[in-house]
Amino acid sequence: MTQRTEALPYRLRQEFLSPAEMAFYRVLTEMVRDHLYICPKVALLDLFFVTRPNENVQFANKLQRKNIDFLLLRRDNLKPTLAVELDYPKQAAHGPTDNFLDNLFDSAGLPLVHVVVQQTYDIYSLASRFREARAKYNQVTIPRQTDYSPICPRCGITMVLRFDKDGPHNGQKYYGCLNFPECQETVELPKN
């Protein structure tokens with residue numbers, strides 16, 4: 001009896017970037033040369049995380065299946081330094097999605113520059129806009145957040161807030177590993 005392998009319905013895209021994205025990628029390459037790395041189509045979930053994910057599910061859902069067109073990274077430590085979102089001329093008046101992106105990047109302290117797709121770009125004008133955006137965030141000090149969930153000491157992933165449902169600690173809150181029941185590491189809540 002031979003097994004019949006069923007063909008999967010996946011195919012390789014012929015072009016990873018759209019023509020407009022490819023044109024802008026070439027402009028970025030000329031601008032940054034070997035000072036920064038350029039990462040196209042970066043998923044927001046790869047760039048941001050949600051604090052206390054089990055309490056902030058609606059915020060985590062907003063990151064699903066969304067990406068930023070280009071992310072510029074420092075070469076020495078791969079730290080994100082600036083993000084670029086390409087807007088088509090009809091999108092020039094930003095809609096609710098763009099407001100979400102603007103607020104997201106602003107709250108994280110990472111500059112986001114919207115660039116309207118054009119036939120040609122003035123590299124010096126773009127470089128000036130990028131410098132201004134970076135300077136704005138260099139002057140602002142983002143307060144250190146105190147609501148980050150701890151990292152599991154065993155698994156190295158974010159822990160979630162849990163409640164003791166029975167026993168001598170009934171009703172008390174603690175952080176537990178997301179890999180429960182395989183990992184039963186817990187961390188007490190910090191004392192106020």
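Since every read-out is calculated from the coordinates, none of them should be taken as a lab result. Since this is a predicted model, take the numbers as computed values, not measurements. Neighbour counts run over all protein chains shown; Cβ positions are idealised from the backbone, glycine included.
Backbone geometry of the range 9-15 corresponds, through the Karplus equation with coefficients 6.51, -1.76 and 1.60 at θ = phi - 60°, to 3J(HN,Hα) couplings of x, 9, 9, 6, 5, 6, 10 Hz, x marking Gly and Pro. Quick one: angle between helix 96-108 and the longest Cα principal axis of the chain, in degrees between 0 and 90, rounded to 10, please. With both axes taken from Cα atoms, the answer is about 70 degrees. Sparse packing (at most 14 other Cβ atoms within 10 Å of the Cβ) combined with a DSSP loop state is found for the following chymotrypsin sites (Phe, Trp or Tyr not before Pro) in the range 3-36: 10, 16.
Relative contact order (percent) for the chain, with alpha-carbon contacts under 8 angstrom and 6 or more residues of separation? Before the final figure, lay out each step's value.
Working: 221 pairs, mean separation 27.5, N = 192.
Dividing the mean separation by the residue count of the chain yields 14 percent.
How much of the DSSP beta bridge set in the chain is antiparallel, as a percent to the nearest 5? If we restrict to bridges inside the chain, about 80 percent are antiparallel.
The candidate values are [x] -0.25, -0.82, -1.09; [y] -0.29, -0.81, -1.00; [z] -0.41, -0.95, -1.09; the one derived from this structure for log10 I(q)/I(0) by the Debye sum over Cα atoms at q = 0.08, 0.14, 0.16 Å⁻¹ carries the label [z]. Label positions at residue 37 and residue 123, each projected 7 Å from the Cα along the C-beta direction, are separated by 2.3 nm. Panel values: the range 8-64, Kirkwood radius from alpha carbon pairs, Stokes-Einstein at 10 °C and 1.306 mPa s, translational diffusion coefficient 109 µm²/s.
Evaluating 6.51 cos²θ - 1.76 cosθ + 1.60 at θ = phi - 60° for every residue in the range 16-27, the Karplus couplings come out as 6, 10, 5, x, 5, 5, 5, 4, 5, 4, 5, 5 Hz, glycine and proline recorded as x.
With a 10 Å Cβ neighbour count serving as the proxy for reagent exposure, in which order, fewest first, do 28, 12 appear?
Listed from fewest to most nearby Cβ atoms, that is 12, 28.
Output the 0 to 90 degree angle, nearest 10, between the alpha-carbon long axis of helix 123-139 and the longest principal axis computed from the alpha carbons of the chain. Tilt of helix 123-139: around 30 degrees. For the chain, taking a cut-off of 4.7 Å between Cβ atoms, the unpaired cysteines are 39. Dividing the helix sum by the residues of the chain, where each DSSP H run of 4 or more adds -39500 (n - 2.57), gives a mean residue ellipticity at 222 nm of -8500 deg cm²/dmol. Taking each residue as 0.36 nm, the span from residue 64 to residue 87 lengthens on full extension beyond its C-alpha to C-alpha distance by 6.3 nm.
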